[in-house]
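Remarks on the structure that follows.
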Amino acid sequence: MSIKRMTDLDLQGKKVLIRQDLNVPVKDGKVTSDIRIKASLPTIEKALTAGAAVIVMSHLGRPVEGEFDEAFSLAPVAEHMSNLLNKPVRLEKDWLDGVAIEPGEIVLCENVRFNVGEKKNDAALGRKMAALCDIFVMDAFGTAHRAHASNVGVTKHFSHKGMGFLIEKELQYLSEAMIKPDRPLTVILGGAKIDTKLNLIRHFAGMADYILIGGGMAFTFLQAQGKDIGNSLVDRSMLATAKAIMSRARGKTKLIFPTDFVCAASMDNSQQAEIYKVGEIPDKLDRKSVV
């Protein structure tokens, strides 16, 4: 598969729209982990150095579409990115009808999920996003599997488009691991859903030496093994699939799952967190739930 790189495109004087994954944790208006922001910077800096006007899109959290919610605003991300780049990063709240920007400047569009139709890949929304610029660059590896307007629908309206450095690096890693991996090969997978990673898991089950499965989807595998996981998140539609994957891996790949979990009243209430081993997680914990 041949994918054009951003460095193959003439960016001089162009408006470049870059889809990044800036979905970072924010508390009290401040970014608490900037790993994803730092990972986005090489692509942004390269576009700026090439003389482009840079417009960045990202989502943050899971707000209600069509409703602005300060809790999911990218304002803290814009401030943090500005400090890292040592140059202004302007946050545009109303950006769908156009962004005023000059070469050498960078604008961060407010949360794409505030727009109705983002998650349904609305065609009209994709066209409006594409009208913002001359060139589209996809660099959001963490959301590349989602058919949303800001990373799929928007691409249909460009003849000049390519991938950023983060996507390029991750694809290189994956290609090497899938074709001729170094040994021992350990694959670490997380997240809440199995279905979005199903093909990847099937590929490596029986090929990798070890697969470490964490995050919310670990509960589905644990329940498929008959483990008691309390009221934890489970995708019941994937229980049979989880069993099939474990059967495929048996004798070839060692699947490793968490042995304990942090329990709290909510994702935002970590001060009251407690740790429980698998099989000992209670159904009720003074209204606490496993996170």
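Each DSSP beta bridge with both residues in the stretch 181-290 is either parallel or antiparallel, and the antiparallel ones are about 50%. Considering only beta bridges that DSSP places wholly inside the chain, some 25 percent are antiparallel.
Given q = 0.18, 0.20 Å⁻¹, what are the Debye log10 I(q)/I(0) values for the stretch 181-290, with equal point scatterers placed on the Cα positions and solvent ignored? One equal scatterer on each Cα of the stretch 181-290 leads to -0.88, -1.02. Note on the chain: the alpha carbon radius of gyration divided by the globular reference 2.2 N^0.38 Å gives 1.11. Computed from the Cα positions only, the extents of the stretch 17-155 along the three principal axes stand at 35, 35, 26 Å, in decreasing order.
The ellipsoid equivalent to the alpha-carbon distribution of the stretch 1-70 has semi-axes of 27, 14, 13 angstrom, derived from the gyration tensor eigenvalues as √(5λ) and listed largest first. Here the Karplus relation 6.51 cos²θ - 1.76 cosθ + 1.60, evaluated at θ = phi - 60°, turns the backbone of the stretch 202-216 into coupling constants of 4, 5, 7, 5, x, 10, 6, 6, 9, 10, 9, 10, x, x, x Hz, with x for every Gly and Pro.
The phi-based Karplus calculation (6.51 cos²θ - 1.76 cosθ + 1.60; θ = phi - 60°) puts the 3J(HN,Hα) values of the stretch 219-236 at 5, 5, 5, 5, 5, 5, 8, x, 7, 7, 10, x, 9, 5, 5, 9, 9, 5 Hz, whole numbers, x for Gly and Pro.
The H on the amide N of Leu212, modeled in the peptide plane, is under 5 Å from the matching H of Val187, Ile188, Leu189, Ile256, each at least 5 residues off or on a different chain.
With contacts taken as Cα pairs under 8 Å at a separation of at least 6 residues, the stretch 1-129 carries a relative contact order of 27 percent. In the structure shown, do any of Lys30/Lys169; Lys14/Lys120; Lys87/Lys180; Lys38/Lys243; Lys119/Lys180; Lys4/Lys87 have a Cα-Cα gap over 32 Å, and if so which? Pairs exceeding 32 Å: Lys87/Lys180; Lys38/Lys243; Lys119/Lys180. Under 5 Å from the amide H of Leu108 lie the amide H atoms of Val56, Arg90, Leu91, Glu92, each residue being 5 or more positions distant or on a separate chain, with H modelled from the backbone and absent for Pro and chain starts. Couplings 3J(HN,Hα) for the stretch 30-35, derived from phi with the Karplus relation 6.51 cos²θ - 1.76 cosθ + 1.60 (θ = phi - 60°), are 10, 6, 9, 8, 10, 4 Hz, where x marks Gly and Pro.
Values quoted throughout were computed directly from the atomic coordinates according to the rules given, and no laboratory measurement underlies them. Just so it is clear, the model here is predicted, and its values are computed rather than measured.
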